[in-house]
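Notes follow the structure.
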Amino acid sequence: MVKLIEKFEYKGVWWLPSKPGKKVSGTLGFTPNEGAILDLIGSFKDIKDINQILNPDIILGVSSNGKNITLYKCFETRSSLSLPGLLTSSFYASVVFVGVHFEKTEDIKFESLSIHCSYLDDWVNISGFNIQHLSDKKELLIKYKWPESIQVSVNDDLKISIVVHADLPTISVVQKEACIKQKTFIRIEPSKAKSLEEYWSIMYHIQNFLSFGVTEPVHPLAIEGITEAHKIVIGKGKTYHPPISIFYKLPDISYVSKPLMPFDMLFTFKDVSERFEVLLRNWFEKAEMLKPVYDLYFGTLYNPRMYLQHKFLSLVQAIESYHRRTMRNYELPEDEHQKRITEILDSVPSNYRKWLEWKFKYSNEPPLRQRLEDILEVCSEVLDEFIDDKSLFVDKTVDTRNYLTHYDPELKERSAEGEELHRLTQKLKRLLEICLLKELGFNSDDIESLISRIRRYQHE
């Protein structure tokens with residue numbers, strides 16, 4: 001299986017679905033940072049149309065080793081004419097499907113998608129291996145049994161499965177080695193076939209869920225799809241759907257995941273196996289409400305080179321957004337607040353009223369200090385592990401946010417910087433993680449147990 005983070009190249013012939021008779025030789029090259037580039041020795045255009053820029057939805061091809069390939073969402077990046085009249089051209093393709101021909105955009109639908117992600121093997125940590133050292137007989141016994149798939153229903157329209165695939169050892173006349181490798185996949189199975197664009201949203205939520213558990217950026221490493229557009233009849237009415245490999249640009253990802261042990265993670269599959277379905281349902285159901293919180297939190301996780309000040313401000317904003325969506329977002333009941341505003345506006349000259357009305361627009365929302373105190377109160381049972389002085393934490397967070405937002409010189413001495421800002425940012429991150437764990441369905445005892453287990457919490 002070729003991974004998304006690996007380079008590959010296919011030489012072959014290529015054509016547009018609308019012009020199957022006009023085939024052009026060329027080479028498709030793919031790298032994860034640059035995506036897919038098709039270089040043609042020739043062109044889909046005639047010389048008289050050289051100034052026309054092509055943006056075909058689909059380009060079809062057959063590689064020299066017989067693979068059917070579909071290039072999706074393409075646009076021409078270069079077209080040139082050299083003597084004696086040879087046209088050459090290049091196209092960028094947003095998505096590459098290896099193993100199938102899709103003639104039309106509406107044909108690009110999949111019955112299911114299987115994704116292998118970084119850290120997924122470590123997070124699931126389910127092994128089919130049974131290794132026994134029989135020292136008295138100078139014998140090593142290795143048994144392998146495929147683990148059972150684990151399927152849960154996220155909703156009436158969607159099932160998610162954890163599936164383990166294994167590559168078996170080859171058998172040769174001269175046997176010098178035997179290797180079994182297993183990989184864990186997440187399989188997405190909607191109730192009916194969906195377009196790739198519809199799968200992106202599901203993949204986004206699953207990727208974030210895994211990243212939250214691992215507390216490291218999780219990236220897809222391999223994606224395979226099952227589609228009715230490609231099936232093989234194997235007799236007696238039975239069909240086989242060979243998996244289709246899917247590739248697209250993945251810029252700025254790490255090619256090598258750093259080693260992680262289960263106790264490095266916020267939670268593992270074994271921590272949540274008995275309530276995996278409930279937690280995943282909660283994650284998807286609250287995705288719309290908590291989207292700004294998710295985006296801000298994962299923005300800091302997926303951008304490790306982000307300036308510390310920006311990371312701090314993003315986490316503060318995420319905390320504010322979380323409070324706004326889950327707790328009381330007003331200081332006074334709305335009727336009392338409107339009465340207060342009316343009395344104030346009636347007491348000022350009319351030429352100031354418009355200005356004051358604008359100033360009062362968000363005047364009933366609690367300030368950051370109040371939001372932090374509300375969240376700290378709700379999470380008080382699990383905060384002693386890393387926030388010993390809650391008043392100091394609130395003061396320092398508010399002063400630092402205000403300074404970094406307004407750069408008021410009077411706040412500079414009270415704001416955090418350097419190592420102190422780093423520690424404060426880490427505490428905000430942990431506080432937000434506790435809030436999200438509560439939204440997932442963990443109780444205080446669960447959260448306290450997870451926090452006390454993780455090495456990073458104990459050494460911050």
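The values are calculated or read from the model by the stated rules, or taken from the named source; none is laboratory data. Bear in mind that the values here come from a model prediction, so they are computed numbers and not experimental data. Quick reminder, even Gly has a Cβ in these numbers, built from the backbone with ideal geometry, and neighbours come from all protein chains shown.
Which of the residues spanning region 55-84 are assigned to a loop (DSSP other than H, G, I, E, B) and of a type outside the set (D, E, K, R)? If the condition is that a residue be assigned to a loop (DSSP other than H, G, I, E, B) and of a type outside the set (D, E, K, R), then 55, 56, 64, 65, 66, 83, 84 are the ones that fit.
Within region 211-219, does at least one residue satisfy the condition of being farther than 30 Å from residue 452 by Cα, modelled with pLDDT of 90 or more and either among the β-branched types (Val, Ile, Thr) or surrounded by 20 or more Cβ atoms within 10 Å (Cβ to Cβ) (or both)? The answer is no, given that none of the residues of region 211-219 is farther than 30 Å from residue 452 by Cα, modelled with pLDDT of 90 or more and either among the β-branched types (Val, Ile, Thr) or surrounded by 20 or more Cβ atoms within 10 Å (Cβ to Cβ) (or both).
So is residue 396 modelled with pLDDT of 90 or more and surrounded by 15 or more Cβ atoms within 10 Å (Cβ to Cβ) or not? Spell out the reasoning first.
Details: modelled with pLDDT of 90 or more: yes; surrounded by 15 or more Cβ atoms within 10 Å (Cβ to Cβ): yes.
Yes.
Which residues, taken from region 407-420, are in a helix (DSSP H, G or I) and either hydroxyl-bearing (Ser, Thr, Tyr) or over 33 Å from the mean Cα position of the chain (by Cα) (or both)?
Within region 407-420, the subset in a helix (DSSP H, G or I) is 409-414, 418-420.
Listed by number, the residues that qualify are 409, 410, 411, 412, 413, 414.
Of all residues in region 144-152, at least one satisfies being farther than 28 Å from residue 434 by Cβ, modelled with pLDDT of 95 or more, in contact with a strand residue (DSSP E or B) (Cβ under 6 Å, 6 or more places away or on another chain) and in a strand (DSSP E or B). Pick out the one residue from 115, 131 that is in contact with a Pro (Cβ under 7 Å, 6 or more places away or on another chain), in the same structural domain as residue 192 (by TED's automatic domain parsing) and not hydroxyl-bearing (Ser, Thr, Tyr). The match here is 115.
Taking each residue of region 133-157 that is farther than 30 Å from residue 191 by Cβ and surrounded by 10 or more Cβ atoms within 10 Å (Cβ to Cβ) and looking for partners that are of a type in the set (S, T, N, Q) and modelled with pLDDT under 90 with beta-carbon atoms closer than 7 Å, six or more apart or interchain, yields 141/132.
Could you please let me know if residue 260 is more than 24 Å from residue 105 (Cβ to Cβ) and crowded, with 20+ Cβ neighbours inside 10 Å? Break it down into steps so the answer makes sense when it comes.
On the way: more than 24 Å from residue 105 (Cβ to Cβ): yes; crowded, with 20+ Cβ neighbours inside 10 Å: no.
Criteria not met by residue 260.
For residue 387, the conditions (1) surrounded by fewer than 19 Cβ atoms within 10 Å (Cβ to Cβ); (2) hydrophobic (A, V, I, L, M, F, W, C); (3) part of a helix (DSSP H, G or I) all hold with the exception of (3).
Would you point out which residue out of 280, 308 is within 20 Å of residue 440 (Cα to Cα), at pLDDT 90 or above and not assigned by TED's automatic domain parsing to the domain that holds residue 74? Step through it out loud before you land on a result.
Working: 308 fails: within 20 Å of residue 440 (Cα to Cα).
Residue meeting the stated conditions: 280.
Where residues in region 85-124 are among the β-branched types (Val, Ile, Thr), touching a helix residue (DSSP H, G or I) at 6+ places or on another chain (Cβ under 9 Å) and part of a strand (DSSP E or B), which of them is farthest from residue 274 (Cα to Cα)? Lay out the reasoning, then the answer.
Initially, region 85-124 is screened for residues among the β-branched types (Val, Ile, Thr), giving 88, 95-96, 98, 100, 105, 108, 115, 124.
Checking which are touching a helix residue (DSSP H, G or I) at 6+ places or on another chain (Cβ under 9 Å) leaves us with 95, 108, 115, 124.
Now narrow it down to the ones that are part of a strand (DSSP E or B): 95, 115.
Values: 95: 37, 115: 22 Å.
If we take residues in region 85-124 being among the β-branched types (Val, Ile, Thr), touching a helix residue (DSSP H, G or I) at 6+ places or on another chain (Cβ under 9 Å) and part of a strand (DSSP E or B), then 95 is farthest from residue 274 (Cα to Cα).
Out of 268, 300, report the one residue that is under 25 Å from residue 378 (Cα atoms), surrounded by 13 or more Cβ atoms within 10 Å (Cβ to Cβ), among the β-branched types (Val, Ile, Thr) and not assigned by TED's automatic domain parsing to the domain that holds residue 205.
Working: 268 fails: not assigned by TED's automatic domain parsing to the domain that holds residue 205.
Answer to the selection: 300.
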